[in-house]
Each structure stands twice: as C-alpha cells, then as structure tokens.
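Chemist: Before I ask anything, let me first share the structure, which is written out below as structure tokens.
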Amino acid sequence: MAIDDPHAALRAQICRTVFDSPADSAVELRRAAAKGAGLPNDLQALVDKIHRHAYQVTDDDVARLRAAYGDDALFEIIVSASLGASRKRLLAGLEALDKA
C-alpha cells in the first residue's frame, strides 16, 4: 500500500523553483548541492556537512566560501543542499512507513 502524499506536487514545485530558476549560482551547482555530490572540493565539504550534520555548520564554514562565491550564490547553494537533504530524509521516511 502506497502512502498518500497530498503535498508531493507542492514539494516538486518548490524543488523546480529552487533548482531550476534563474539565480546567481548555476543550475548544475544547485542540483549537485541537492544531491550532495559532484561539487567543487571547496563546496563539497560544506554540502557534506549540511547533508550529514547540519547542526555542525559554523559561521567559519560559510565565511571561508563567501569570497569565492558571494553571499547570494552561497545562500542558494546552502538552501539547495538543505532542501535536497530534507527531501532525501522525507522520502526515506515515507518508504519506511509504506513498508510497515
């Protein structure tokens, strides 16, 4: 029995907006941040931390990347990573409920 997810369409719309809309950061970079893989080495460490232990992200982590990416692009990358990580957890939870 599949779990009915009445919010799936809204979440898909949010993902399309965050990942595919024109922005300061490249679409490919935002999509990679959401997946948690395929990023430049300097960003990969931050995105890994967001995906695994977001509560450990510090101001210093962000400050180190600010000069290279700028505030707006870095914000978009962080939001993309956060949205991707939360989506992954949500889908795992729904799958677990479906199997129960």
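Rule-based calculations on the coordinates, nothing more; no lab input. The structure presented is a predicted model; accordingly, all values stated were derived computationally and were not measured. Reconstructed Cβ throughout: ideal geometry from the backbone, glycine too, with neighbour counts over all protein chains shown.
Chemist: Would you call residue 48 touching a residue at least 40 places away in the same chain (Cβ under 8 Å) and within 29 Å of residue 8 (Cα to Cα)?
Modeler: no
Chemist: So which residues in segment 27-41 are part of a helix (DSSP H, G or I) and surrounded by 12 or more Cβ atoms within 10 Å (Cβ to Cβ)?
Modeler: 27, 29, 30, 31, 32, 33, 34, 35
Chemist: Can you go through 13, 44 and tell me which one is in a helix (DSSP H, G or I), under 13 Å from the mean Cα position of the chain (by Cα) and at negative phi?
Modeler: Within the list 13, 44, the selection yields 44.
Chemist: I need the full set of residues from segment 67-86 which are closer than 20 Å to residue 18 by Cα, assigned to a helix (DSSP H, G or I) and more than 8 Å from the chain's Cα centre (by Cα), in order please.
Modeler: Residues satisfying the conditions are 69, 71, 72, 73, 74, 75, 76.
Chemist: Based on what the data block shows, is residue 24 surrounded by fewer than 16 Cβ atoms within 10 Å (Cβ to Cβ), more than 12 Å from the chain's Cα centre (by Cα), under 17 Å from residue 69 (Cβ atoms) and free of Cβ contacts under 8 Å to residues at least 60 places away in the same chain?
Modeler: Yes: the conditions hold for residue 24.
Chemist: Would you check if residue 98 is under 19 Å from residue 11 (Cβ atoms), charged (D, E, K, R) and over 13 Å from the mean Cα position of the chain (by Cα)?
Modeler: Answer is yes for this residue.
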